[in-house]
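Engineer: Dumping the structure here so I can ask a few things about it.
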Amino acid sequence: MRICVYCASSDHADPAYRDAARELGRLLAEGGHSVVYGGGSRGSMGAVADGALEAGGTVIGILPKFMADLEWGHPGLTELQLVEDMRERKHRLLTGSDAVIALPGGCGTLEELFEAITLKRLGIYLKPIVLLDTMSFYQPLDAFLRQVIAARFMNPEHAHMWQLVNSPAEVLPAILDAPPWGADARDYAAVRG
């Protein structure tokens, strides 16, 4: 599988986040899966790439040109694709991916995650979305999304668009066990009465 990983570039977050990212990269590579991610060399971005590369995996980075100019790109990737802007980066990350994994991160990671969830709700992106809940990072977001459903801004079926897991070892099983999602999701994309 070609697996899209959304993750952060901060070196200042708790090292446990980078440790989990490195382990995830290793597990994906050992499972024979390629990683496509934002192309950075720092924080969880660098860690997931390093973990996969150290295990002999294929890692594709998608990096906006301005970030390459700032030398933010990872120098050891299998492939580094330079794009014009963040919008093109997000499109290329998701296009052709067989699953999305969101690691803990800031507004960029959350924006990418919400775009994937939105596209899944609309029946455009049909693949699994897994949130790696390192140190219970995504618990408040999961609770908030369930509040959104309870408030009837989304339908109950939408709670099945993502899976929450606690450890890198649970990610691949969650991808394989994700409930099927089809283009018929458009039939209940709008909130029913």
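The values are calculated or read from the model by the stated rules, or taken from the named source; none is laboratory data. As the structure is a computational prediction, the values presented were derived from the model and not from experiment. When we count neighbours, we look across all protein chains shown, and the Cβ atoms used for this are built from the backbone with ideal geometry, even at glycine.
Engineer: May I ask you to list the residues in the stretch 59-88 that are assigned to a loop (DSSP other than H, G, I, E, B) and touching a residue at least 12 places away in the same chain (Cβ under 8 Å)?
Structural biologist: First pass over the stretch 59-88, keeping only residues assigned to a loop (DSSP other than H, G, I, E, B): 70-72, 74-78, 84-85.
Within the stretch 59-88, Trp72, His74, Pro75, Gly76, Leu77, Thr78, Glu84, Asp85 qualify.
Engineer: Still on this structure: Could you list all residues from the stretch 143-193 that are among the basic types (Lys, Arg) and in contact with a Gly (Cβ under 7 Å, 6 or more places away or on another chain)? Lay out the reasoning, then the answer.
Structural biologist: First, the residues of the stretch 143-193 that are among the basic types (Lys, Arg): 146, 152, 186, 192.
Selection gives Arg186 alone.
Engineer: OK, next. Just checking, how many residues over the stretch 28-42 are in a helix (DSSP H, G or I) and either within 15 Å of the chain's Cα centre (by Cα) or of a type in the set (Lys, Arg) (or both)?
Structural biologist: Initially, the stretch 28-42 is screened for residues in a helix (DSSP H, G or I), giving 28-30.
Filter once more, keeping what is either within 15 Å of the chain's Cα centre (by Cα) or of a type in the set (Lys, Arg) (or both): 28.
Adding up the residues that qualify gives 1.
Engineer: Go through the stretch 1-36 residue by residue and tally those that are in contact with an Asp or Glu (Cβ under 6 Å, 6 or more places away or on another chain) and more than 22 Å from Leu63 (Cα to Cα).
Structural biologist: So the answer is 0.
Engineer: Take the residues in the stretch 167-193 that are surrounded by 14 or more Cβ atoms within 10 Å (Cβ to Cβ) and in a loop (DSSP other than H, G, I, E, B); name whichever of them is modelled with the highest pLDDT.
Structural biologist: Among those that are surrounded by 14 or more Cβ atoms within 10 Å (Cβ to Cβ) and in a loop (DSSP other than H, G, I, E, B), it is Ala178.
Engineer: Same structure again: Has the stretch 111-134 got at least one residue that is in a helix (DSSP H, G or I), touching a Phe, Trp or Tyr at 6+ places or on another chain (Cβ under 8 Å) and surrounded by fewer than 14 Cβ atoms within 10 Å (Cβ to Cβ)?
Structural biologist: The answer is no; no qualifying residue exists.
Engineer: Determine which member of the set Ala159, Ala151 is surrounded by fewer than 16 Cβ atoms within 10 Å (Cβ to Cβ), of a type in the set (A, V, I, L, M, F, W, C) and closer than 15 Å to Ile117 by Cα.
Structural biologist: Only one candidate passes the filter, namely Ala159.
Engineer: Test each condition in (1) under 24 Å from Val83 (Cβ atoms); (2) buried (at least 21 other Cβ atoms within 10 Å of the Cβ) for Ser41 and report the one that comes out false.
Structural biologist: If we test Ser41 against (1) under 24 Å from Val83 (Cβ atoms); (2) buried (at least 21 other Cβ atoms within 10 Å of the Cβ), just (2) comes out false.
Engineer: A further question follows. Considering only the stretch 5-19, how many residues are surrounded by 20 or more Cβ atoms within 10 Å (Cβ to Cβ) and free of Cβ contacts under 8 Å to residues at least 40 places away in the same chain? It would help to see each step written out before you state the result.
Structural biologist: Going through the stretch 5-19, the residues surrounded by 20 or more Cβ atoms within 10 Å (Cβ to Cβ) turn out to be 5-9, 17-18.
Now drop any that are not free of Cβ contacts under 8 Å to residues at least 40 places away in the same chain, which leaves 18.
Final tally of qualifying residues: 1.
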